Every structure is written in structure tokens, then in C-alpha cells.
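A.B. asks: Below you will find the structure I want to go over with you.
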Amino acid sequence: MHFQNDLLLKAAKAETTQRTPVWLMRQAGRILPEYRKVRAIAKDFKTLVKTPELAAEVTIQPVDILGVDAAIIFSDILVIPEAMGLNYEMEESKGPVFPKCIMSPADLSGIHVAQAEELHYVLDAIKLTKRQLNGRVPLIGFSGAPWTIFSYMVEGGGSKTFSKAKKMLYTQPEFSHRLLTMITESTINYLKGQITAGADIVQIFDSWAGILSPEQYAEFSLKYIARICDAIDNAPTIVFAKGAYFAREEMNKLHCQVIGMDWNMDIQESRKMMPDKILQGNLDPCALYGSLDDVKRETRKMIDAFGPRRHIANLGHGLYPDIEVDKVKCFIDTVKEYSSSAR
Ligand code: 1CP
């Protein structure tokens, strides 16, 4: 595959680039009026995810409108529980809800390890997006980390504390491992399918890493992320574990190329703890609520702290829906300009 812009893939392979590549978590959807138009045509979130033509369109929008160095396939981490047999609904302005959730071994009766083909609509959206991108930028595939997916399957939706999911780890550890193993196997099948369909690099989102103790994190999350990383050998992998500052030394040992960082992680300290990794991140999305001058200053500070090499610029978590598009563009343009002039 010949790319017009392969900055992200080069950076992920630790090759020198003329500037720092940049993309944003949640760059599709949320902030773009163009997204909302397509979303209105689709009527609901799941139809959008399951219609490859529309999913491809909103995947490419941020490449055209924001000028990011990569596209990320428009989907959700919750397609995995659904493929395993646990249906979810996306309630307007509320988020995901599972009509049934997993509480005991009996609830596993309708649950199976998912095969990639069961998520054919995502694979079709990837193939179509790749054709339409035509090598302009690489395409990122993704999945949730097993622990984060487990949290939604047990909790039945979002939560501030995920106390039901954590209760399961304390009260039914063996059963927890059984379910985590099934999610891990499904995720390996799915990510391999995404790469075969054309994803150039994949990111594993462990959004709820930070609510576990270091000991629990090693046992119930990192172990399964490591299995996924070991199984994926034909594309670079990014692991983003939000709040897992306590696991950085362990994450340096994963068979992945890139570690995504949130804004709680000090950049210099992270360089020392993860010397073998390319680092991605980590500006606080709330920094984009400041003035354009504030955004420029904060972005330059981030670029200076990471230095000119072994960095992929991003936010420390996804964009919030009320962040203004011109602030987002300012972040992207500042990374591009400042990182080219800084070397
Ligand atoms: O109707 C809508 O437009 C709903 C908003 C929305 C969007 C645009 C949801 C509901 N999901 C998505 C798409 C999505 N989700 C993408 C692709 C788009 C992009 O990156 O530009 C990705 C990568 C995700 C991943 C995702 N979904 C995560 C991991 C990343 C993170 O933010 O930590 C998580 C935790 C979810 C679950 C989810 N889906 C949607 C919501 C509101 C939530 C969070 C619910 C909660 O608070 O627990």
C-alpha cells in the first residue's frame, strides 16, 4: 500500500518523521456539524455503525475537515458484547444500556466467543473506508480492552464507580476470569479480522483501567491485554489504558509499539518508565476550552515535553461534545507547525 501520508505508521515503527503525527480520540462524531447531518440520516447510532457507507463517510470527515494524520473507523467498543450474544441499546444523550447483563455463570448460557465474520458490518466499513481514503492517511482499527468490555457487560451500562463489575472481581474471581477469557478470544478474532480487512494499526481502549488497584489491574486486565498484543503480529498496536499510571513499567513489557497516555501521567517520568515505547497523547481535552492563544501555548508545551521523536500527538482522552471546532483545528495546526519548526 502506498500512502501519501504515512507519518503515523512511521512514528509507530520508531522511524524519524519530518514532524509529529497527530490524530484525536473521538475525532469522528461529537463535535462536527457534518457528523450530525449523517447521524440524522441514519436516525440512530447503531444504524450508523451498521451501515458501511455512512460509517465510512463519518470516518473520513475529520481527515477532510480537521486535517488529522489518520482516520479511526467509526464504530463502538460495545459491538463485541453484542457479537458475543449480549445486545446493547444506545440511548440518546444517555449512552449505552444493556437490557440483560451478566451476573452469574447461568447468564453465560447465551454467550459465545465471537468470530470476526459476526462483525462483518465493521469489516465492510473498513474495506470501504480504505478504498475511499485511497492511501491519503492510514486507518486505525480498535477494540475495547477485556476489562473495560467486562465492566459494561456486568454493569449493564456506564457507571461512575463500576462497583458491580468490581464486586464480581472480589466475589467471583474464577467466573470473572472465564468471562474475561471469552472476551479476549473474541477480541483477538475481531482485531485480526480488522487488520485483514485493511486496518493499518489498531488501538486497544482500556477506558476503566484507573478504577482498579495495581494488583487487580495486573491480574484482571493487563494479563489479557498482553494476550491480545502477543496474538497480533501483522500490524502495530497502541494500548491506551486510562488512569493506569501505576502500571507504566509493566506496560513497557507489552508486545505493542505505542502506549497512549492521559494527562495524569508526567511526560518525563513516563519516558523513563517506558523507554521501549513510542508515546501517544496527552493534552487534557479541557485545555481546548481555553482561548486560541491558550490552546497554542499548551500544545507547544506538550510538544516540547515529548521532544521531536517517538511521539504521536493526541489528547489524553476523547474530545468532549461541547469543544469548539476551531480550538480542535488550532491544536492540530499547532502540532503540525510547531513540531516541523522545532527540528
Ligand atoms: O449518538 C452518538 O453519536 C453517541 C456518541 C458516541 C459516539 C460518537 C458513542 C456512544 N460512541 C461513539 C463512537 C465511538 N466510540 C468511537 C469512534 C469514533 C471516534 O473515535 O471518533 C470510538 C473509538 C468509541 C470508543 C468507546 N465507546 C469507548 C472507549 C473510548 C473512551 O472514550 O474511553 C467507550 C468507553 C465507549 C462506550 C460509549 N459509547 C458511547 C458512549 C456515550 C460511551 C461511554 C459511556 C460511559 O460513559 O460509560
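A.B. asks: Take every DSSP beta bridge with both residues inside segment 7-342 and express the antiparallel ones as a percent of the total, to the nearest 5.
C.D. replies: The antiparallel fraction comes to roughly 15 percent.
A.B. asks: Could I have the simple spin-label model distance between ALA231 and LYS253, label points 7 Å from Cα toward Cβ, reported in nm to one decimal?
C.D. replies: Here the modelled spin labels are 2.1 nm apart.
A.B. asks: Okay, moving on. Which of PRO62, PRO173, PRO52 moves most in a GNM of the chain, Cα contacts under 10 Å?
C.D. replies: PRO173
A.B. asks: Right, next: Under a 1.4 angstrom probe, counting protein chains only, how are LYS272, LYS164, LYS46 ranked by accessible area, largest first?
C.D. replies: My answer, sorted largest first, is LYS272, LYS164, LYS46.
A.B. asks: With every protein chain in place, what's the accessible area of HIS255 (1.4 Å probe, Å², nearest 10)?
C.D. replies: Accessible area, nearest 10 Å²: 130 Å².
A.B. asks: Next up: To the nearest 20 debye, what is the magnitude of the charge dipole of segment 7-342 about its Cα centre, counting +1 on the Cβ of each Lys and Arg and -1 on the Cβ of each Asp and Glu?
C.D. replies: Rounded to the nearest 20 debye, it is 360 debye.
A.B. asks: Which one, THR171, LEU254, ALA42, is farthest towards the positive end of the dipole of the chain when Lys and Arg carry +1 and Asp and Glu -1 on their Cβ?
C.D. replies: It is LEU254.
A.B. asks: How many nm separate the modelled label positions at PHE3 and THR47, each set 7 Å beyond the Cα in the direction of the Cβ?
C.D. replies: The modelled label-to-label distance comes out at 3.5 nm.
A.B. asks: Something else about it: For GLN115 and LEU292, what is the calculated FRET efficiency with R₀ set at 41 Å and r taken between the beta-carbons, to the nearest 0.05?
C.D. replies: After rounding, the FRET efficiency stands at 0.30.
A.B. asks: Further question on the same structure: Taking a label point 7 Å from the Cα of THR181 along the Cα→Cβ vector, which residues of segment 143-164 have an amide N closer than 17 Å to it?
C.D. replies: Inside the label zone: 146-147, 150.
A.B. asks: Cα centroid distance between segment 161-189 and segment 279-343, in Å?
C.D. replies: 35
A.B. asks: Moving on to the next point. Round to a whole angstrom and tell me the spacing of the C-alpha centers of segment 1-19 and segment 98-148.
C.D. replies: One Cα centre to the other: 26 Å.
A.B. asks: Summarise the accessible area of segment 7-342 (1.4 Å probe, protein heavy atoms) by the percent that is carbon and sulfur.
C.D. replies: 51
A.B. asks: Same structure again: Give the share of C-alpha pairs in each 20 angstrom bin for the chain, from 0 to the last occupied bin, in whole percents, shortest bins first.
C.D. replies: 32, 61, 7, 0
A.B. asks: What's the ranking of 102-115, 194-207 by average number of surrounding C-beta atoms within 10 Å, highest first?
C.D. replies: Ranking, from highest mean packing down: 194-207, 102-115.
A.B. asks: So what is the accessible area of the chain per residue, in Å², with the probe set to 1.4 Å?
C.D. replies: Per-residue accessible area for the chain comes out at 41 Å².
A.B. asks: Moving on to the next point. If you stretched the chain out fully between ALA40 and LYS223, how much longer would it get, using 0.36 nm times the residue separation minus the C-alpha to C-alpha distance?
C.D. replies: Computed gain between ALA40 and LYS223 is 61.8 nm.
A.B. asks: Taking Cα pairs under 8 Å and at least six residues apart, what relative contact order does segment 7-342 come out at, in percent?
C.D. replies: 22
A.B. asks: Amide H to amide H under 5 Å from GLN280: which residues, 5+ apart in sequence or cross-chain, H placed 1.01 Å off N in plane?
C.D. replies: Counting only residues 5 or more places away or on other chains, the set is ILE259, GLY260, MET261, ILE312.
A.B. asks: Suppose only helical runs count, i.e. DSSP H with n ≥ 4. What mean residue ellipticity at 222 nm does that imply for the chain under -39500 (n - 2.57) per run, divided by all residues and rounded to the nearest 500 deg cm²/dmol?
C.D. replies: Value at 222 nm, helices only, nearest 500: -13500 deg cm²/dmol.
A.B. asks: Can I ask one more? Top to bottom by accessible area (1.4 Å), largest first, where do THR16, THR47 land?
C.D. replies: Solvent-accessible surface, decreasing: THR16, THR47.
The values are calculated or read from the model by the stated rules, or taken from the named source; none is laboratory data. These figures come from a predicted structure and were not determined experimentally. Positions of Cβ are generated from backbone atoms using ideal geometry, with glycine treated the same way; all protein chains shown enter the neighbour counts. Ligands, DNA and RNA are stripped out before the accessible areas are found, and what is left, the full protein with its side chains, is counted by its heavy atoms. Shrake-Rupley method; radii C 1.70, N 1.55, O 1.52, S 1.80 Å.
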